[in-house]
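Right, one structure below, let's go through it.
No lab work stands behind these numbers, since they all come straight from the coordinates. These numbers come from a predicted model, not from an experiment. In this analysis, Cβ positions are derived from the backbone assuming ideal geometry, glycine residues included, and neighbour counts consider all displayed protein chains.
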Amino acid sequence: MSEKTSRLPGFYKLTLEERLKKVAEFANLTDEEVNMLKKEGNLSLDIAQRMIENVIGTMAYPFAVAVNFLINNKDYLIPMVLEEPSVVAAASNAARVMRKWGGIHTTSTGPVMIGQIQLVNVEDPFGAKMTILEHKDEIIKIANEQDPILVKLGGGAKDVEVRVIDSPKGPMVITHLIVDVRDAMGANAVNTMCEKVAPLIERITGGRVYLRIISNLADKRLVRARVKVDKNDIGGEEVVDGIVMAWAFAAADPYRAATHNKGILNGVIAVALATAQDHRAIEAGAHAYAAKTGRYLPLTVWEKDKDGNLVGTLEMPMAVGIVGGATRVHPVARIALKILGVKTATELAEIMGAVGLAQNFAALRALATEGIQRGHMKLHARNLAMQAGATGELVDKIVEIMVREGKIRYDRAVELVEEFKKKGKL
């Protein structure tokens, strides 16, 4: 018997069946496991293979809808895709108590992305900076020739900024191409523009260009959200004080701030997955923006106003699109956009910011009052019951027992399933 190897020349050229057969042999997959991977849901294997390489199957996640959202005085149902219990329920409940005073209010700075062109090997980096700026109009012209349709829609390269930075390999001259990408996320358009502009920058400076790529620190594409929550709707000023104190902890401690921001991203990324956004880019930008001062900080601020009510604000980059990429290829993503009813990428970005703010409020409120685990663990108990083999109404019975006992553990779920089996109720 030959040893296992992951060296599989030409793997990408194989059919899906052939690839799956090789993986099954490598991992000793059972026929049942192979058939599970071949099972098609709402994403066909044909479409999946056109989206990425080396496909051997698809994987489904729950698709839910958060209710009660009122954003800029307009009602929305929010599609969310994620596996973490209690997030959708928490978002819906938060949105309900936020409906007073017009719900969540949002604004944004527009769909502007930054492309970076890295120049090295120049003796006079600040002189090179000035030379590049002198050629700004020519740079913009070359960039816009790459995407006339984007320009026709009102987008395209709008400006050029140049920075000189110190690096472990000496000074570098970094040109920022400022591009309005309209309703796209923008990576393809911006990267193409950067590549076409690079030879000109080399020629006029005598230096060498290495990287030519979009930045995911989209700090010219910010979304802002604010909300006022009536103190009487959440348990009074004591709860307001608790939420503000929880935020202050995050503002003072990066260990807490990381978890604080994760709570924001629970909502943001769930919507990003539902609409097939580049959620990795969104998260990278969010965390980089949180550290823009040199210290990692929360992306929200919570305060108490003069009447004792809670006021929350959020500001973060939000690079999303409603045209191109997986957003238009994945059939469920198209349905998610239809449920949202969005007409522009800017509207989608603002909705996602609002969801992030609501999700953060829900988490802080739980932490400041009953603790985060109460609602979370009840839903966790459902997962444990199903993992232990419970189905139908038995799931609810086992959850009820585990919650009542305070023993929300897999071994206890297994014991209960066995007990019900003996009673002939499984």
*asked:* Using a Debye calculation, one point per C-alpha and no hydration shell, please list log10 I(q)/I(0) for the chain at q = 0.08 Å⁻¹ in order.
replied: -0.59
*Can you tell me the Rg and the Dmax, both Å, for the Cα atoms in segment 374-422?*
9.3, 30
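Neighbouring Cβ atoms within 10 Å as the yardstick, rank Glu393, Glu347 fewest first.
Working: Glu393 9, Glu347 21.
In increasing order of surrounding Cβ atoms, one gets Glu393, Glu347.
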*Once Lys and Arg get +1 and Asp and Glu get -1 on their Cβ, which of Ala258, Ala281, Pro62 lies farthest toward the positive end of the dipole of the chain?*
Pro62
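Within 10 Å of each residue's Cβ, count the other Cβ atoms and sort Leu70, Leu357 from fewest upward. Write out the running numbers ahead of the final one.
Working: Leu70 20, Leu357 32.
Ranked by crowding around the Cβ, least crowded first: Leu70, Leu357.
Can you tell me the FRET efficiency between Thr313 and Phe11 if r is taken as the Cβ-Cβ distance and R0 is 45 Å, rounded to the nearest 0.05?
On the way: r = 49 Å, r/R0 = 1.10.
With R0 = 45 Å, the Cβ-Cβ based efficiency is 0.35.
Given the Cα-Cα distance of Arg328 and Lys22 and 0.36 nm per residue of separation, how much length would full extension add, in nm?
Numbers: separation 306, 0.36 × 306 = 110.16 nm, distance 3.15 nm.
The span from Arg328 to Lys22 would gain 107.0 nm if fully extended.
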*What is the distance, in nm, between label points placed 7 Å from the Cα along the Cα-to-Cβ direction at Asp159 and at Tyr410?*
5.4
*Mind telling me which of Ile401, Ile142, Ile78 comes out most flexible in a GNM of the chain, alpha-carbon contacts under 10 Å?*
Ile401
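Can you check how the C-alpha radius of gyration of segment 1-60 compares to 2.2 N^0.38 Å, as a plain ratio?
Relative to the rule-of-thumb radius for its length, segment 1-60 sits at 1.16.
What's the ranking of 201-214, 405-418 by average number of surrounding C-beta atoms within 10 Å, highest first?
Values: 201-214: 17.3, 405-418: 15.7.
Result, highest mean first: 201-214, 405-418.
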*Sum -39500 (n - 2.57) across every DSSP H segment of at least 4 residues in the chain, then divide by the residue count to get the 222 nm mean residue ellipticity, nearest 500.*
-15500 deg cm²/dmol
_Give me the base-10 log of I(q)/I(0) for segment 130-182 at each q in 0.16, 0.27, 0.30 Å⁻¹, Debye formula, one uniform scatterer per Cα, rounded to two decimals._
-0.53, -0.98, -1.10
*Point-to-point label distance, Glu393-Thr192, nm (Cα→Cβ direction, 7 Å offset)*: 6.0
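Given a cut-off of 18 Å, what percent of all Cα-Cα pairs of segment 112-214 lie beyond it? Could the numbers behind the result be given before it?
Working: 2117 of 5253 pairs.
In whole percent, the share of Cα-Cα pairs in segment 112-214 beyond 18 Å is 40.
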*Which residue, Val403, Val268, Val301, tops the fluctuation ranking in a GNM of the chain built on C-alpha contacts under 10 Å?*
Val403
*asked:* Taking θ = phi - 60°, what integer Hz values does the Karplus form 6.51 cos²θ - 1.76 cosθ + 1.60 yield along segment 192-206, in sequence order, with x for Gly and Pro?
replied: 4, 4, 4, 5, 6, 7, 3, x, 5, 5, 5, 5, 7, 10, x
*Measuring from label point to label point, each 7 Å out along Cα→Cβ, what is the Tyr255 to Phe126 span in nm?*
4.3
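What does the C-alpha gyration tensor say about the overall shape of segment 21-160? Classify as rounded when a/c is under 1.5, otherwise prolate if a/b is larger than b/c, or oblate.
Values: a/c = 2.75, a/b = 1.32, b/c = 2.08.
Note, shape of segment 21-160 comes out oblate.
Counting other beta carbons within 10 Å of each Cβ, put Thr15, Thr275, Thr106 in order, fewest first.
Thr15, Thr106, Thr275
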